[in-house]
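Undergrad: This structure is in structure tokens; I'll ask about it shortly.
The values are calculated or read from the model by the stated rules, or taken from the named source; none is laboratory data. Every value quoted in this text rests on a predicted model; they were computed, and no experiment measured them. Don't worry about glycine lacking a Cβ; one is built from the backbone with ideal geometry, like all the others, and counts go over all protein chains shown.
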């Protein structure tokens, strides 16, 4: 690509052309096959809060004590230590202790909510406030489906999962590492992952965090799509920064954090907690540590660039004291989720947690009970950004094709829940009650006729036929039906339009970087 | 049994002897194999309420309009019509219309909460207030398990399900028709069902409602167990009275209602709603009808005997507009459940709804997602009495052995949820956070050692082993593990002690009644 080409077909200019249509573009999108896509959830039902006002104040006071008296290690990052010293923290070696109020004060520059732009403006999401954004599973090295069983994931799987998430109306986000494409060298796979999100979806997506230069590459690719100025002025990437609990941030994550925050891109600061291992075994103790860790990470992002969008993240599970394995769908992490959401709201920042988490290896009843046991708290706690919302199996070691379909179906159920009640005259239905009267039925009444198409949420996975019909259809279980659904969806998948010039620029960038990067790292 | 025996070994006297120990008896029960039994839930977490104050007032006003302007049919029960006329209602034919305020005024004599006594006093439950009582599935003519598939249920199945519910710590109640024992004539099976609850469990149970004389038999058998005076003074039976929605009570249900209310026994007045068929397709319209129907039923119980314990019941599902079949685990009935719970609280009466409801024919992921989608609202709405909490399959057509085990496991999870957070010094765990510090782990710290046995809820069904271990153990799904659990439980089952004199009296009563009753009815 020549300089001229790069200039005349810059991502920014193209984006403005495409976005120019505005309402027209959205109408066009709706009239295509994509009209069933749901925008992110704008909650219209109350929050559920388990922690009392006194409990929250206690946890906040305890977190301040932890930050002041114990402190947090910033490892392998001299610049971070210098920044904290300059900000007024007490730095001894890699240990940073924070005078009371310093961290909360720094977070004040963080936005209460922010928009992450998608390349299709109709898919942009607002993270924070009364909104919930569902994104698919993140991180598994394995995939599982009924055909192959469990095996290492490939870039083909990655593309398939991006396509399925693109087609799922209730997945508002394309996510990040929907599986690890282990057939591509670690040093290079971030390029293929970011490219796949851009090429096979038009929903917002996540950048790479496994090394600072991979974060730089993610931002560079976003610039090719959205244009330099747009990326400088807007959030187009949201990025997962795990604390190394307890009470440590390591150089790798700090490096990625700095790249993204300085580029004005969003970071989700997530303590990754298996309670009993990375935190104390109690809910209140775990919440104290999570608040301390997440607050410090978000404050550090503000040191990098005041106003940089941040999200208070929480990944909490407990471990089996028998096997040492993480367990999911249990009550204690649900309480942590509810409590952390409340703490985030008091800090005035968006909150990330939840998902369709399970320990089950297969998409069976265990997987479903456990996933529902985290999805319900996800909705009711008011999670703003939900990673792992669909496709998670085996404690995060496997991405499940069928599980993604089944979870996404449940997400659309929760989205319908979030709409709340209709108190209009039509909702009150007094005419219908009068028309039908005692001892008759509502099946044919005018009100039912007028409303039945939209009255009830419909599952695409559940079988609600009679026993005899179900038996004659082969007596299939939910996973078998989900298997047929994802296969049909992949067969019928059509990629969203992508400007050929952008595609070419992205491919050229990737080719150059793949030549520059070594095949192996370490 | 001679008259002398009956007098010296009367149920009442025996019951007082057994209950005499009080704390001693409870200690003895705990030190036996039954120490893992949980008492009913005494909620320590907040309620979740979806309907606004204005919404509730609107629904209440609309329900009053329905009662005044449309009214409710009382069919095949001249006595009921006369009672309503005497109470000030407008009776024309079988249609009863209620002046504003009449019904709500009558309900004022109903208790806010009441105790249902069990023959083992440690198992008595308080229905109402902040309490939740879980009872198993009610009504299916079929059973399903992995060995037999689906087949008609027998009295042997009935006994097995009673035994499994007895052994499940989180099932606080033995329930009623845990399955229909179709190998016994309809006219007689109520005797075997009530007897099985008494003989194979010591938890509270339900009486028969399928005919007034079967209700009389249920009370008579309770008298043999508890003694006449105790039954006159206490609730020992709770009984399911379905309204024949929309807006009808039929003679059969009214007959049973009158027997139980006059005997001072509890009635659960439950509109049975498949929205779209028995009610309007909207949540607010359905709530209006449910409030009207349940209120009238509860008021009628107060006409029979002021102060008779009543429960505001709600069974709500929606129908598939494709197949006409009921659907479960969907958002609209969840909203009905939340709203009806609020309406019941405003009326000042206990509330029944919820359960592990599903449309799935088998204990697969569909069954689990759907069940969880009603169990979560059950807990959070503040349901006081929950029928169908475990074992429900196929829209209530089949009782599942494996499903009962899996659901009961989930109930114990919800019971743990209900305990809420520990804000004590031990719960705060500041010492542990200080002891471990940054970059270490909590596995061996003193706080973890002191707490790990009770820190986290444990599933008895979930497999939390590594993938390799799970694979080497046979790669089983949750249903297969549940199958092994119920078989082991039935093998190891030991019946709770029952006074031989009571047993003899019950058997003599049943023998006499079986001679009196015809084999076929109708």
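Undergrad: Can you confirm whether residue A:365 is crowded, with 24+ Cβ neighbours inside 10 Å and either under 22 Å from residue B:469 (Cα atoms) or out of contact with any helix residue (DSSP H, G or I) (no Cβ under 7 Å at 6 or more places or on another chain) (or both)?
TA: When the stated conditions are applied, residue A:365 passes them.
Undergrad: A follow-up question, please. Of all residues in the range B:240-253, how many are away from chain A (no Cβ under 14 Å), over 29 Å from residue B:57 (Cβ atoms) and crowded, with 24+ Cβ neighbours inside 10 Å?
TA: Of the residues in the range B:240-253, 1 are away from chain A (no Cβ under 14 Å), over 29 Å from residue B:57 (Cβ atoms) and crowded, with 24+ Cβ neighbours inside 10 Å.
Undergrad: Since residue B:432 meets every condition but one in (1) under 30 Å from residue A:61 (Cβ atoms); (2) touching a strand residue (DSSP E or B) at 6+ places or on another chain (Cβ under 9 Å); (3) surrounded by fewer than 19 Cβ atoms within 10 Å (Cβ to Cβ), which condition does it not meet?
TA: So the condition that residue B:432 fails would be (3).
Undergrad: May I ask you to verify whether residue A:498 is surrounded by 15 or more Cβ atoms within 10 Å (Cβ to Cβ), under 28 Å from the mean Cα position of the chain (by Cα) and part of a loop (DSSP other than H, G, I, E, B)?
TA: So residue A:498 fits the description; yes.
Undergrad: Moving to a separate point now. List every residue pair whose Cβ atoms sit under 6 Å apart, with the two residues 6 or more apart in sequence or on different chains, where the first one lies in the range B:271-289 and is facing chain A (nearest Cβ under 7 Å) and the second, anywhere, is in a strand (DSSP E or B).
TA: B:276/B:318; B:276/B:319; B:277/B:319; B:279/B:273; B:281/B:275; B:289/B:279
Undergrad: Determine, yes or no, whether residue A:126 is buried (at least 17 other Cβ atoms within 10 Å of the Cβ), within 16 Å of the chain's Cα centre (by Cα), part of a loop (DSSP other than H, G, I, E, B) and touching a residue at least 40 places away in the same chain (Cβ under 8 Å).
TA: Here the answer is no, as residue A:126 does not meet what is asked.
Undergrad: State which residue is nearest to residue B:250 (Cα to Cα) when the search covers only the range A:412-453 and only residues that are part of a helix (DSSP H, G or I) and more than 8 Å from chain B (Cβ to nearest Cβ).
TA: Among them, the one singled out is A:435.
Undergrad: Could you say which residue among A:66, A:51 is surrounded by 21 or more Cβ atoms within 10 Å (Cβ to Cβ) and over 19 Å from residue B:437 (Cβ atoms)?
TA: A:51 is the lone residue from the list that is surrounded by 21 or more Cβ atoms within 10 Å (Cβ to Cβ) and over 19 Å from residue B:437 (Cβ atoms).
Undergrad: Considering only residues that are within 38 Å of the chain's Cα centre (by Cα) and surrounded by 20 or more Cβ atoms within 10 Å (Cβ to Cβ), look in the range A:444-454 and name the one that is nearest to residue A:411 (Cα to Cα).
TA: Filtering first and then ranking leaves A:451.
Undergrad: Another question, then. Does residue A:136 fit the bill of being closer than 23 Å to residue A:419 by Cα and part of a loop (DSSP other than H, G, I, E, B)?
TA: yes
Undergrad: Would a scan of the range A:225-237 turn up a residue that is surrounded by 21 or more Cβ atoms within 10 Å (Cβ to Cβ) and farther than 22 Å from residue A:126 by Cβ?
TA: Within the range A:225-237 (the criterion being surrounded by 21 or more Cβ atoms within 10 Å (Cβ to Cβ) and farther than 22 Å from residue A:126 by Cβ), the answer is no, since none of the residues qualifies.
Undergrad: Counting only residues that are surrounded by fewer than 24 Cβ atoms within 10 Å (Cβ to Cβ) and in contact with a helix residue (DSSP H, G or I) (Cβ under 8 Å, 6 or more places away or on another chain), which one in the range B:293-325 is farthest from the other protein chains (Cβ to nearest Cβ)?
TA: Among those that are surrounded by fewer than 24 Cβ atoms within 10 Å (Cβ to Cβ) and in contact with a helix residue (DSSP H, G or I) (Cβ under 8 Å, 6 or more places away or on another chain), it is B:305.
Undergrad: What number of residues within the range B:166-195 are within 17 Å of the chain's Cα centre (by Cα) and either on the phi > 0 side of the Ramachandran plot or surrounded by 20 or more Cβ atoms within 10 Å (Cβ to Cβ) (or both)?
TA: 16
Undergrad: Listed residues A:170, A:196; which is more than 24 Å from residue A:371 (Cβ to Cβ) and touching a helix residue (DSSP H, G or I) at 6+ places or on another chain (Cβ under 7 Å)?
TA: A:196
Undergrad: What do you reckon, is residue A:437 at positive phi, surrounded by fewer than 23 Cβ atoms within 10 Å (Cβ to Cβ) and touching a residue at least 40 places away in the same chain (Cβ under 8 Å)?
TA: Spelling it out, it is not the case that residue A:437 is at positive phi, surrounded by fewer than 23 Cβ atoms within 10 Å (Cβ to Cβ) and touching a residue at least 40 places away in the same chain (Cβ under 8 Å).
Undergrad: Still on this structure: Have a look at A:378, A:374 and point out the one that is touching a strand residue (DSSP E or B) at 6+ places or on another chain (Cβ under 8 Å) and part of a helix (DSSP H, G or I).
TA: A:378
Undergrad: How many of the residues in the range A:28-85 are modelled with pLDDT of 95 or more, over 29 Å from residue A:250 (Cβ atoms) and part of a helix (DSSP H, G or I)?
TA: Here the count works out to 6.
Undergrad: Follow-up. Provide a single number: the residues in the range A:395-408 that are in a helix (DSSP H, G or I), within 11 Å of chain B (Cβ to nearest Cβ) and surrounded by 24 or more Cβ atoms within 10 Å (Cβ to Cβ).
TA: 5
Undergrad: Among the candidates A:482, A:478, A:429, which residue alone is touching a helix residue (DSSP H, G or I) at 6+ places or on another chain (Cβ under 6 Å) and on the phi > 0 side of the Ramachandran plot?
TA: Matching residue, one of A:482, A:478, A:429: A:429.
Undergrad: Consider the range A:69-101. How many of its residues are surrounded by fewer than 21 Cβ atoms within 10 Å (Cβ to Cβ), closer than 21 Å to residue A:287 by Cβ and out of contact with any helix residue (DSSP H, G or I) (no Cβ under 7 Å at 6 or more places or on another chain)?
TA: Residues that pass the stated criteria total 3.
Undergrad: Being within 14 Å of chain A (Cβ to nearest Cβ) and either surrounded by 15 or more Cβ atoms within 10 Å (Cβ to Cβ) or in contact (Cβ under 8 Å) with a residue 60 or more places away in the chain (or both) is the requirement here; does residue B:41 meet it?
TA: For residue B:41, the condition - within 14 Å of chain A (Cβ to nearest Cβ) and either surrounded by 15 or more Cβ atoms within 10 Å (Cβ to Cβ) or in contact (Cβ under 8 Å) with a residue 60 or more places away in the chain (or both) - is met.
Undergrad: Do you know which residues across the range B:129-165 are within 30 Å of residue B:380 (Cα to Cα) and more than 18 Å from the chain's Cα centre (by Cα)?
TA: Matches in the range B:129-165: B:143, B:144.
Undergrad: Of the conditions (1) part of a helix (DSSP H, G or I); (2) more than 21 Å from residue B:281 (Cβ to Cβ); (3) more than 8 Å from chain B (Cβ to nearest Cβ), residue A:476 satisfies every one except a single condition; which number is it?
TA: Only one criterion in (1) part of a helix (DSSP H, G or I); (2) more than 21 Å from residue B:281 (Cβ to Cβ); (3) more than 8 Å from chain B (Cβ to nearest Cβ) is unmet by residue A:476, namely (1).
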